[in-house]
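S.K.: Provided herewith is a single structure, encoded as C-alpha coordinates, for subsequent inquiry.
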Amino acid sequence: MNILSQLKKFYLFRHLDDKQFARLEEISNVVEYKKGSIVFFEGDKAKSLIILIDGILQVYKTDQKGNKVILHHFFPIDMIAEIVNLEHMCYPASAEFETDGKALVINYEAFEQEFLKDSEVSFAFIKSLSKKIKYLENVIATNMVMNSTARVAKFICEHGDEISKLKKSMIAADLNMTPETLSRILKKLSTLGLIEKQKDEIIILDKEGLETFYL
(Lines give C-alpha, C1' and ligand atoms only; values in the text may rest on other atoms or scores of the structure.)
Protein backbone atom coordinates (compact mmCIF):
# COMPACT_ATOMS: atom_id res chain seq x y z
CA MET A 1 0.00 0.00 0.00
CA ASN A 2 1.31 3.44 -0.93
CA ILE A 3 2.18 5.22 2.33
CA LEU A 4 2.31 8.67 0.77
CA SER A 5 -1.21 8.39 -0.66
CA GLN A 6 -2.53 7.41 2.78
CA LEU A 7 -0.77 10.34 4.44
CA LYS A 8 -2.21 12.79 1.92
CA LYS A 9 -5.75 11.52 2.57
CA PHE A 10 -5.65 12.34 6.28
CA TYR A 11 -6.90 15.80 7.25
CA LEU A 12 -4.04 16.36 9.68
CA PHE A 13 -1.50 16.54 6.85
CA ARG A 14 -3.32 17.97 3.85
CA HIS A 15 -1.60 21.36 4.05
CA LEU A 16 1.97 19.97 4.10
CA ASP A 17 4.33 20.60 1.21
CA ASP A 18 6.17 17.94 -0.83
CA LYS A 19 9.33 18.15 1.28
CA GLN A 20 7.36 17.64 4.49
CA PHE A 21 5.43 14.72 3.00
CA ALA A 22 8.70 13.10 1.94
CA ARG A 23 10.02 13.32 5.51
CA LEU A 24 6.72 12.13 7.00
CA GLU A 25 6.80 9.12 4.66
CA GLU A 26 10.26 8.24 6.01
CA ILE A 27 8.96 7.93 9.58
CA SER A 28 5.72 6.13 8.70
CA ASN A 29 4.60 2.60 7.94
CA VAL A 30 1.33 0.96 6.95
CA VAL A 31 0.79 -2.10 9.16
CA GLU A 32 -1.75 -4.81 8.30
CA TYR A 33 -3.58 -6.59 11.11
CA LYS A 34 -5.63 -9.77 11.23
CA LYS A 35 -8.90 -10.01 13.14
CA GLY A 36 -8.08 -10.40 16.84
CA SER A 37 -4.68 -8.71 16.57
CA ILE A 38 -3.71 -6.53 19.53
CA VAL A 39 -2.45 -3.08 18.60
CA PHE A 40 -1.46 -2.22 22.17
CA PHE A 41 -2.10 -3.45 25.69
CA GLU A 42 -3.08 -1.40 28.71
CA GLY A 43 0.13 -0.23 30.35
CA ASP A 44 2.25 -0.28 27.18
CA LYS A 45 4.34 2.80 26.51
CA ALA A 46 3.13 4.74 23.46
CA LYS A 47 5.85 5.07 20.83
CA SER A 48 3.75 5.60 17.68
CA LEU A 49 1.00 7.85 16.43
CA ILE A 50 -1.63 5.42 15.16
CA ILE A 51 -4.16 6.30 12.45
CA LEU A 52 -6.80 3.69 11.64
CA ILE A 53 -7.23 3.46 7.87
CA ASP A 54 -9.18 0.20 7.50
CA GLY A 55 -11.21 -2.13 9.70
CA ILE A 56 -12.91 -1.83 13.09
CA LEU A 57 -10.83 -1.36 16.23
CA GLN A 58 -12.20 -1.83 19.72
CA VAL A 59 -10.65 -0.16 22.74
CA TYR A 60 -11.36 -1.92 26.02
CA LYS A 61 -10.36 -2.36 29.63
CA THR A 62 -10.31 -5.64 31.55
CA ASP A 63 -12.13 -5.93 34.88
CA GLN A 64 -10.96 -7.94 37.91
CA LYS A 65 -12.67 -11.06 36.58
CA GLY A 66 -10.90 -10.83 33.24
CA ASN A 67 -13.97 -9.61 31.35
CA LYS A 68 -13.64 -7.03 28.59
CA VAL A 69 -15.35 -3.69 29.14
CA ILE A 70 -15.69 -2.04 25.74
CA LEU A 71 -14.96 1.68 25.83
CA HIS A 72 -15.24 2.58 22.15
CA HIS A 73 -15.24 1.28 18.59
CA PHE A 74 -13.12 3.20 16.09
CA PHE A 75 -13.83 3.35 12.36
CA PRO A 76 -11.62 4.68 9.53
CA ILE A 77 -10.22 7.23 9.32
CA ASP A 78 -9.35 8.26 12.87
CA MET A 79 -6.44 8.83 15.23
CA ILE A 80 -6.20 6.38 18.09
CA ALA A 81 -5.32 7.47 21.65
CA GLU A 82 -3.45 10.60 20.56
CA ILE A 83 -3.74 12.06 24.08
CA VAL A 84 -1.42 9.25 25.22
CA ASN A 85 1.20 10.43 22.75
CA LEU A 86 0.77 14.07 23.62
CA GLU A 87 1.07 13.49 27.37
CA HIS A 88 3.78 10.80 27.06
CA MET A 89 1.59 8.40 29.02
CA CYS A 90 1.19 4.64 29.00
CA TYR A 91 -1.97 3.36 27.33
CA PRO A 92 -4.87 3.34 29.83
CA ALA A 93 -6.68 0.62 27.85
CA SER A 94 -6.05 -2.07 25.23
CA ALA A 95 -6.92 -2.06 21.53
CA GLU A 96 -7.86 -5.06 19.39
CA PHE A 97 -9.03 -5.40 15.81
CA GLU A 98 -12.51 -6.87 15.46
CA THR A 99 -11.93 -7.30 11.73
CA ASP A 100 -8.93 -7.47 9.47
CA GLY A 101 -7.56 -3.96 9.23
CA LYS A 102 -4.74 -1.56 8.54
CA ALA A 103 -3.16 1.30 10.46
CA LEU A 104 -0.80 4.08 9.56
CA VAL A 105 1.93 3.95 12.22
CA ILE A 106 4.12 7.04 12.62
CA ASN A 107 7.22 7.34 14.79
CA TYR A 108 5.88 9.75 17.39
CA GLU A 109 9.20 11.07 18.72
CA ALA A 110 10.21 12.26 15.25
CA PHE A 111 6.68 13.48 14.52
CA GLU A 112 6.55 15.56 17.70
CA GLN A 113 9.94 17.17 17.07
CA GLU A 114 9.43 17.91 13.39
CA PHE A 115 5.70 18.35 12.78
CA LEU A 116 3.73 19.08 15.95
CA LYS A 117 5.11 22.63 16.10
CA ASP A 118 3.22 23.33 12.88
CA SER A 119 0.22 25.44 13.94
CA GLU A 120 -2.24 23.68 11.62
CA VAL A 121 -1.14 20.23 12.76
CA SER A 122 -1.36 21.17 16.44
CA PHE A 123 -4.78 22.76 15.94
CA ALA A 124 -6.05 19.59 14.23
CA PHE A 125 -4.69 17.61 17.19
CA ILE A 126 -6.69 19.79 19.58
CA LYS A 127 -9.86 19.35 17.51
CA SER A 128 -9.42 15.59 17.55
CA LEU A 129 -8.96 15.59 21.32
CA SER A 130 -12.06 17.76 21.72
CA LYS A 131 -14.04 15.22 19.70
CA LYS A 132 -12.88 12.40 22.00
CA ILE A 133 -13.83 14.42 25.13
CA LYS A 134 -17.31 15.06 23.74
CA TYR A 135 -17.70 11.37 23.02
CA LEU A 136 -16.69 10.48 26.59
CA GLU A 137 -19.16 12.99 28.00
CA ASN A 138 -21.84 11.49 25.79
CA VAL A 139 -21.06 7.95 27.00
CA ILE A 140 -21.22 9.01 30.65
CA ALA A 141 -24.51 10.88 30.20
CA THR A 142 -26.07 8.06 28.19
CA ASN A 143 -25.23 5.29 30.64
CA MET A 144 -26.12 7.24 33.78
CA VAL A 145 -29.38 8.83 32.68
CA MET A 146 -31.04 6.83 29.90
CA ASN A 147 -32.89 3.53 30.09
CA SER A 148 -31.98 0.67 27.76
CA THR A 149 -34.53 1.54 25.05
CA ALA A 150 -33.40 5.16 24.97
CA ARG A 151 -29.75 4.07 24.67
CA VAL A 152 -30.52 1.80 21.71
CA ALA A 153 -32.63 4.44 19.96
CA LYS A 154 -29.90 7.05 20.40
CA PHE A 155 -27.21 4.66 19.15
CA ILE A 156 -29.22 3.87 16.02
CA CYS A 157 -29.77 7.56 15.25
CA GLU A 158 -26.12 8.45 15.75
CA HIS A 159 -24.53 5.42 14.05
CA GLY A 160 -26.94 4.64 11.23
CA ASP A 161 -24.20 4.49 8.58
CA GLU A 162 -21.99 2.22 10.69
CA ILE A 163 -24.49 -0.25 12.16
CA SER A 164 -24.24 -2.66 9.23
CA LYS A 165 -20.53 -3.06 10.07
CA LEU A 166 -21.23 -4.03 13.68
CA LYS A 167 -22.36 -7.34 15.10
CA LYS A 168 -25.14 -7.29 17.69
CA SER A 169 -22.66 -8.41 20.32
CA MET A 170 -20.50 -5.37 19.54
CA ILE A 171 -23.43 -2.97 19.78
CA ALA A 172 -24.58 -4.58 23.02
CA ALA A 173 -21.09 -4.25 24.50
CA ASP A 174 -21.00 -0.56 23.54
CA LEU A 175 -24.35 -0.05 25.27
CA ASN A 176 -23.52 -2.13 28.37
CA MET A 177 -26.33 -4.63 27.87
CA THR A 178 -26.68 -8.28 26.87
CA PRO A 179 -27.27 -9.25 23.22
CA GLU A 180 -30.61 -10.72 24.30
CA THR A 181 -31.74 -7.38 25.74
CA LEU A 182 -30.64 -5.61 22.56
CA SER A 183 -32.59 -8.08 20.41
CA ARG A 184 -35.76 -7.51 22.45
CA ILE A 185 -35.45 -3.74 22.11
CA LEU A 186 -34.80 -3.93 18.36
CA LYS A 187 -37.88 -6.13 18.00
CA LYS A 188 -39.94 -3.58 19.95
CA LEU A 189 -38.70 -0.68 17.82
CA SER A 190 -39.42 -2.70 14.70
CA THR A 191 -42.96 -3.51 15.91
CA LEU A 192 -43.53 0.21 16.53
CA GLY A 193 -42.59 0.89 12.91
CA LEU A 194 -39.53 2.97 13.83
CA ILE A 195 -36.94 0.69 12.24
CA GLU A 196 -36.77 -2.20 9.82
CA LYS A 197 -34.36 -5.10 10.17
CA GLN A 198 -32.94 -6.66 7.02
CA LYS A 199 -30.36 -9.36 7.88
CA ASP A 200 -27.56 -7.42 9.66
CA GLU A 201 -28.81 -4.02 8.52
CA ILE A 202 -31.03 -1.71 10.56
CA ILE A 203 -32.97 0.78 8.47
CA ILE A 204 -34.36 3.88 10.15
CA LEU A 205 -38.00 4.43 9.17
CA ASP A 206 -38.92 7.15 11.65
CA LYS A 207 -35.97 9.05 13.12
CA GLU A 208 -38.19 11.55 14.95
CA GLY A 209 -40.01 8.65 16.59
CA LEU A 210 -36.70 7.19 17.78
CA GLU A 211 -35.61 10.58 19.10
CA THR A 212 -38.68 10.78 21.37
CA PHE A 213 -37.11 8.06 23.52
CA TYR A 214 -34.12 10.19 24.50
CA LEU A 215 -34.71 13.87 23.68
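The values are calculated or read from the model by the stated rules, or taken from the named source; none is laboratory data. None of the values given here were measured: they were computed from a predicted structure. Glycine gets a Cβ as well: all are built from the backbone with ideal geometry, and neighbour counts include every protein chain shown. The accessibility values were calculated without ligands, DNA or RNA, using every heavy atom of the protein model including side chains. Shrake-Rupley method; radii C 1.70, N 1.55, O 1.52, S 1.80 Å.
S.K.: Taking the stated definitions as given, is Val84 in contact with a Phe, Trp or Tyr (Cβ under 7 Å, 6 or more places away or on another chain), under 19 Å from Asn176 (Cβ atoms) and hydrophobic (A, V, I, L, M, F, W, C)?
M.R.: no
S.K.: Quick check, is Ile38 β-branched (Val, Ile, Thr) and open to solvent by 40 Å² or more (accessible area, probe 1.4 Å)? Reasoning before the result, please.
M.R.: Values: β-branched (Val, Ile, Thr): yes; open to solvent by 40 Å² or more (accessible area, probe 1.4 Å): yes.
When the stated conditions are applied, Ile38 passes them.
S.K.: Identify all residues within the range 41-60 that are open to solvent by 80 Å² or more (accessible area, probe 1.4 Å) and closer than 22 Å to Glu112 by Cβ; write none if there are none. Break it down into steps so the answer makes sense when it comes.
M.R.: Within the range 41-60, the subset open to solvent by 80 Å² or more (accessible area, probe 1.4 Å) is 41-42, 45, 47.
Matches in the range 41-60: Lys45, Lys47.
S.K.: Kindly list, by first and then second residue, each pair from a residue in the range 96-120 that is under 19 Å from Lys47 (Cβ atoms) and touching a residue at least 60 places away in the same chain (Cβ under 8 Å) to a residue that is charged (D, E, K, R) and crowded, with 19+ Cβ neighbours inside 10 Å, limited to pairs with Cβ atoms under 7 Å and residues at least 6 apart or on different chains.
M.R.: Lys102/Asp54
S.K.: Only residues in the range 188-201 that are assigned to a loop (DSSP other than H, G, I, E, B) count as the first member; pair them with residues that are among the acidic types (Asp, Glu), Cβ under 7 angstrom, at least 6 apart or cross-chain, and list the lot.
M.R.: From residues that are assigned to a loop (DSSP other than H, G, I, E, B), the pairs are Gly193/Asp206; Leu194/Asp206.
S.K.: In the range 96-112, is there at least one residue being over 21 Å from Glu25 (Cα atoms) and open to solvent by 70 Å² or more (accessible area, probe 1.4 Å)?
M.R.: Keep residues of the range 96-112 that are over 21 Å from Glu25 (Cα atoms), which gives 96-100.
Still in the list and also open to solvent by 70 Å² or more (accessible area, probe 1.4 Å): 100.
Among the residues of the range 96-112, at least one is over 21 Å from Glu25 (Cα atoms) and open to solvent by 70 Å² or more (accessible area, probe 1.4 Å), which makes the answer yes.
S.K.: Restrict the check to the range 144-165 and report whether at least one residue is at pLDDT below 85, over 20 Å from the mean Cα position of the chain (by Cα) and surrounded by 12 or more Cβ atoms within 10 Å (Cβ to Cβ).
M.R.: yes
S.K.: With the condition being among the small types (Gly, Ala, Ser) and farther than 22 Å from Ile126 by Cα, I'd like the helices (runs of 4 or more DSSP H) fully within the range 1-108 carrying at least 1 qualifying residues. Walk me through it before giving the result.
M.R.: Working: elements: 3-9, 18-26, 82-87.
The helices (runs of 4 or more DSSP H) meeting that bar are 3-9, 18-26.
S.K.: Anything in the range 164-187 that is under 20 Å from Asn147 (Cβ atoms) and either touching a residue at least 12 places away in the same chain (Cβ under 8 Å) or touching a Gly at 6+ places or on another chain (Cβ under 8 Å) (or both)? List them, or say none.
M.R.: Once the filter is applied, which keeps residues that are under 20 Å from Asn147 (Cβ atoms) and either touching a residue at least 12 places away in the same chain (Cβ under 8 Å) or touching a Gly at 6+ places or on another chain (Cβ under 8 Å) (or both), the range 164-187 yields Lys168, Ile171, Ala173, Asp174, Leu175, Asn176, Met177, Thr181, Leu182, Ser183, Ile185, Leu186.
S.K.: Still on this model: Filter the range 64-83 for residues that are over 17 Å from Ser169 (Cβ atoms) and either over 11 Å from the mean Cα position of the chain (by Cα) or among the acidic types (Asp, Glu) (or both); which is surrounded by the most Cβ atoms within 10 Å (Cβ to Cβ)?
M.R.: By that ranking, first place goes to Glu82.
S.K.: Working carefully through the options Glu120, Glu109, find the one that is over 30 Å from Asp174 (Cα atoms) and modelled with pLDDT under 90.
M.R.: Glu120
S.K.: Additional query: Taking the residues in the range 166-187 that are open to solvent by 90 Å² or more (accessible area, probe 1.4 Å) and assigned to a helix (DSSP H, G or I) as candidates, determine which candidate is nearest to Phe74 (Cα to Cα).
M.R.: Lys168
S.K.: Does Leu86 qualify as being open to solvent by less than 40 Å² (accessible area, probe 1.4 Å), hydrophobic (A, V, I, L, M, F, W, C) and touching a helix residue (DSSP H, G or I) at 6+ places or on another chain (Cβ under 8 Å)?
M.R.: No, not satisfied.
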